[in-house]
Amino acid sequence: MPDNSGSLNVAIVGGGIVGLIMAAGLQRRNINVTIYEQARAFRELGTGIAFNPAAQGCLEMIDPGLTVALQKGGAVGLSAFNDEEMNDCLRWIDGYNQRQPDDPDYQKFYLKTDAGYRGIQGIRRDHLLEQLTKLFPEEALKFKKRLVSIEDNDHDDQVILTFDDGTTATADAVIGCDGIKSKTRELIVGPGSIAGTPTYTHVNSYPTVIAMDKAVSILGETKAKAFHNHLGPNANLLHYPVANGTMCNVTVFIRNPDEWPEDKPTSLMGHKADILDHYKNWNPVVCKLIDALPDQLPTWAVFDLWEYPIPYYNKGRVCVAGDAAHASSPHHGAGAGMGIEDALCLATLLSEVGLTLRQGQASKFNALATAFKAYDASRRPRSQWLVNSSRRICDLHQQEEWGDATKWIKAETTLEEIRDRTDRIWNFDYRGMVQDAVADYVRSIRQ
Ligand code: FAD
């Protein structure tokens with residue numbers, strides 16, 4: 001008997017930021033959703049994450065409750081506490097040594113991009129997660145469920161997920177939001193495929209937060225309370241306000257020419273001393289800021305899918321989204337934003353699947369597989385471009401030329417490129433994306 005109820009049960013593997021936002025979007029569209037997370041509880045650090053205008057627009061369309069969650073979690077515009085401007089602007093400045101003889105703290109201004117009023121908002125990751133988890137009933141969240149395999153037969157039986165504790169679950173479809181080391185991705189591309197192998201970007205990041213008062217005492221009010229990215233050879237450092245402006249999120253990036261040992265964790269605790277050594281010849285203001293960081297701070301070796309992108313994000317009734325599909329280095333600050341765009345696309349398409357089923361236009365298997373194909377066609381080019389572009393941005397930030405006075409002008413001439421690339425991310429026509437993806441889906445279903 002064909003199921004004309006239009007009801008759908010979707011399993012989401014991974015309860016990170018993208019998994020939870022995806023789940024909110026499905027729940028909002030009356031799709032039953034269960035999140036399977038390998039950890040004992042949801043975890044995120046107390047460091048910052050920022051959402052660009054496109055990501056914020058998508059959040060509102062996914063579920064207006066997400067916009068509220070941002071506000072409740074203490075999200076602030078990246079320039080909200082800077083009295084000199086209403087809009088959120090990102091600023092790139094010299095972090096190294098273009099000093100004026102009479103002012104050793106002088107930092108040359110390079111570039112500003114304007115995201116509009118509240119265009120970019122920063123929030124502490126743990127505060128965001130706390131708000132997101134409140135959106136779901138307890139029974140929708142399953143912890144200590146590490147996915148090991150998925151069985152998706154080419155007919156209308158349910159998809160079977162198997163976890164490492166030996167238990168199984170069933171669903172009509174599976175969305176893998178299981179991050180850069182995604183098991184779902186591995187199952188989509190097949191065992192032994194090099195596609196989807198993460199590689200080291202040769203950059204380490206050190207994210208942390210300090211009290212805003214401390215940041216102000218070092219950087220001055222104007223600089224501390226608005227996003228600034230300090231550039232120099234082989235490293236850069238950025239900061240912006242979070243937690244209703246009471247804290248300053250600081251992220252230090254350092255290039256590392258060495259390989260990352262295979263057996264070494266990619267996320268560990270590092271030492272301020274390691275950073276100080278790299279930055280010892282930088283502008284005194286930057287050195288003072290680094291001095292103010294905690295002695296121990298998280299260190300993330302940055303990996304991405306730049307070298308081995310995957311050829312498709314879907315197989316049958318299984319697909320991947322967020323970092324599982326397109327893990328990027330963080331130099332555009334848009335990796336999660338890209339996952340949020342994925343979530344809007346998928347939530348809308350799955351809502352259309354419900355309609356297709358109620359109208360008896362296709363089998364559940366066909367409708368879901370067709371929707372995931374439309375998702376892949378819509379999302380893969382843009383999100384894989386981000387992975388490329390982010391590598392390029394890092395090269396521009398960390399040019400060797402910043403360390404050679406005869407090359408400063410040359411280095412500066414490259415920065416306009418950042419404006420163009422940023423524009424492509426921020427001014428994305430996400431409504432157009434949704435319309436095109438749905439049109440593609442409907443056309444395919446009717447064929
Ligand atoms: P993850 O956060 O990795 O979540 C994956 C989840 O899946 C985890 O909870 C994990 O435990 C679970 N999981 C994994 N395997 C399994 C399994 N087999 N079974 C069950 N569960 C599993 N992006 C922005 O948009 N703005 C920013 O300002 C920004 N800043 C950044 C700064 C830094 C320093 C870095 C490194 C990244 C930054 N990003 C930013 C990128 C952003 O952090 C990521 O894109 C985002 O967190 C990815 O979320 P996700 O949910 O896809 O994956």
- Between a first residue in the stretch 192-221 that is closer than 15 Å to Cys394 by Cβ and a second residue that is away from the ligand (no atom under 16 Å from the Cβ) and not hydroxyl-bearing (Ser, Thr, Tyr), which pairs have beta carbons less than 6 Å apart while being 6 or more apart in sequence or on different chains? Thr199/Glu307
- Item | Total residues in the stretch 130-160, condition part of a helix (DSSP H, G or I) and touching a Lys or Arg at 6+ places or on another chain (Cβ under 8 Å) | 1
- Task: At least 1 residues that are within 13 Å of the ligand (Cβ to nearest atom) and surrounded by fewer than 19 Cβ atoms within 10 Å (Cβ to Cβ) in each: list the strands (runs of 3 or more DSSP E) lying fully within the stretch 244-315 that qualify.
- Result: 267-271, 296-304
- If you check every pair at least six apart or on different chains, which have Cβ atoms under 6 Å apart with a residue in the stretch 57-80 that is buried (at least 20 other Cβ atoms within 10 Å of the Cβ) first and a residue that is among the hydroxyl-bearing types (Ser, Thr, Tyr) second? Gly57/Tyr430; Cys58/Tyr430; Leu59/Thr67; Leu78/Tyr240
- Quick one: in the stretch 40-55, which of the residues that are in a loop (DSSP other than H, G, I, E, B) and at pLDDT below 95 is farthest from the ligand (Cβ to nearest atom)? Gly46
- Within the stretch 8-39, track down each residue that is hydrophobic (A, V, I, L, M, F, W, C), near the ligand (Cβ under 10 Å from one of its atoms) and not in a strand (DSSP E or B). Ile17, Val18, Leu20, Ile21, Met22, Ala39
- Message: Taking the conditions exactly as written (over 25 Å from Pro265 (Cα atoms) and buried (at least 20 other Cβ atoms within 10 Å of the Cβ)), does Ala173 satisfy them or not?
- Response: yes
- Note on the structure: Listed by first then second residue, the pairs whose first member lies in the stretch 124-148 and is closer than 24 Å to Ala50 by Cβ, whose partner is within 10 Å of the ligand (Cβ to nearest atom) and part of a helix (DSSP H, G or I), with beta carbons under 6 Å and at least 6 positions apart or on separate chains, are Leu132/Leu20
- Message: Against the condition within 17 Å of the chain's Cα centre (by Cα), surrounded by fewer than 18 Cβ atoms within 10 Å (Cβ to Cβ) and either away from the ligand (no atom under 16 Å from the Cβ) or not aliphatic (A, V, I, L, M) (or both), how does Asp126 come out, does it pass?
- Response: yes
- Query: Only one of (1) at pLDDT 95 or above; (2) within 29 Å of Ala50 (Cβ to Cβ) fails for Ala374. Which number is that?
  - Reply: (2)
- Hey, Arg91 more than 17 Å from the chain's Cα centre (by Cα), outside any helix (DSSP H, G or I) and within 14 Å of the ligand (Cβ to nearest atom) or not: no
- Message: Taking the criterion of being part of a loop (DSSP other than H, G, I, E, B) and within 8 Å of the ligand (Cβ to nearest atom), would at least one residue in the stretch 336-359 satisfy it?
- Response: no
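The values are calculated or read from the model by the stated rules, or taken from the named source; none is laboratory data. Here the structure is a predicted model, which means the values were calculated and not measured. We place every Cβ from the backbone using ideal geometry, glycine too, and count neighbours over all the protein chains shown.
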